[in-house]
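**Q** Take this structure, written in structure tokens, and hold onto it; I'll ask about it next.
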Amino acid sequence: MSGKPRLHYVNARGRMEPIRWLLAAAGVEFEEAFLETKDDLKKLQTNGDLLFQQVPMVEIDGMKMVQTRAILNYIAGKYNLYGKDLKERALIDMYVEGLADLNELITSNFFQPADKKEEHLATVMDKATTRYFPVYEKVLKGHGQDFLVGNKLSRADVQLLEIILLVEESKPDILAKFPLLQSFKAKTSNIPNIKKFLQPGSQRKLPIQEKDIPRLMQIFH
Ligand code: IBG
């Protein structure tokens, strides 16, 4: 055992990507065990390694953790990215849950029928512009600080940057009307651990390609 967290998932973003982001931002090295086939998933299930028979699963500190949110909460708490008190934590939770909702909307685009994809994506981008991004712009404007909560990097900042970059892949000008999010993006992208993760060759995953969907479906269904 190397002592590094070991991540069990497919070699794709999916539900593991925010975990990869958070570990990377915390400066924690991690190993990945990729599921290539349904049998790989079955093996973990049969061994009793997956509490709910699902991945993501992360081996960390002697635990086999499942449930994405629980894993993220643990990492955020352990690496001091979860606010200084309960009220900061409550704010971080609200901001992060909004980001998780937006992330689900974006992900659901992959599962739309071909003839509905474009229209669905336009609706998602509209929601990003009118419901989600204005919230974070307003928070930054309200306190005039660089980070969302407590004038210090938290998991909320890490997850916001992840989503900004994700949305920009579909709509590069999405931040046009959000000047504070533009400077937020520039500053957080330059934090050394994050900058390193954004460089080619890191453990950050590329966007899921249409051609990968059947492979993922074969493993998970
Ligand atoms: N609530 C759980 C969590 O957040 O961890 C859900 C986990 C989950 O849905 N896991 C799926 C799984 O293991 C893989 S992620 N399925 C096997 C089974 O038998 O249930 C699938 C997924 C992808 C991309 I890929 C986006 C969203 C989900």
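**Q** Of the residues 137, 168, 210, which exhibits the maximal mean-square fluctuation in a Gaussian network model of the chain defined by a 10 Å Cα contact cut-off?
**A** Evaluated over the chain, the most mobile residue of the options is 210.
**Q** Could you work out the relative contact order of the chain, using alpha carbon pairs under 8 angstrom and six or more residues apart, expressed as a whole percent?
**A** The value is 26 percent.
**Q** Hey, how much of the P(r) for segment 99-200 falls beyond 17 Å, as a percent of Cα pairs?
**A** For segment 99-200, the fraction of Cα-Cα distances above 17 Å is 52 percent.
**Q** Using Cα springs under 10 Å in a Gaussian network model of the chain, which residue among 48, 77, 150 shows the largest mean-square fluctuation?
**A** 48
**Q** Quick one: if the Förster radius is 35 Å, what FRET efficiency do residue 176 and residue 33 give, using the C-beta to C-beta distance and rounding to 0.05?
**A** 0.30
**Q** Okay, moving on. Could you pull out every whole DSSP H run in the chain that spans at least 20 Å of Cα extent along its own axis and averages -1.0 or higher on the Kyte-Doolittle scale?
**A** Those that clear 20 Å and a mean of -1.0 are 86-108, 155-170.
**Q** Report the net charge of residues surrounding residue 195, where surrounding means a beta-carbon distance below 13 angstrom and charges are Lys +1, Arg +1, Asp -1, Glu -1.
**A** Its environment carries a net charge of +4.
**Q** Taking the Cα atoms of segment 1-74, what is the range of coordinates along each of the three principal axes, in descending order and whole Å?
**A** Sorted largest first, the three principal extents are 32, 25, 23 Å.
**Q** Sticking with this one: Just to confirm a number: summing +1 for Lys and Arg and -1 for Asp and Glu over residues other than residue 25 whose beta-carbon lies under 12 angstrom from that of residue 25, what do you get?
**A** Charge balance in the 12 Å sphere: +3.
**Q** May I pose another question? Where nothing but the Cβ of Lys and Arg (+1) and of Asp and Glu (-1) is charged, how large is the charge dipole of the chain around its Cα centre, in debye to the nearest 20?
**A** 420 debye
**Q** Right, here's the next one. State whether segment 37-191 is rounded, prolate or oblate according to the following rule on the C-alpha gyration tensor (a ≥ b ≥ c being the square roots of its eigenvalues): a/c under 1.5 gives rounded; otherwise a/b larger than b/c gives prolate, and the remaining case gives oblate.
**A** The shape class here is oblate.
**Q** Given the DSSP H assignment, sum -39500 (n - 2.57) over each helix run of at least 4 residues in the chain and divide by its residue total; what's the result at 222 nm in deg cm²/dmol, nearest 500?
**A** Dividing the helical sum by the residues of the chain leaves -16000 deg cm²/dmol.
Read-outs throughout are calculated quantities, based only on the coordinates presented, and are distinct from any laboratory measurement. In this text, all values refer to a predicted model and were calculated from it rather than measured experimentally. Neighbour counts run over all protein chains shown; Cβ positions are idealised from the backbone, glycine included.
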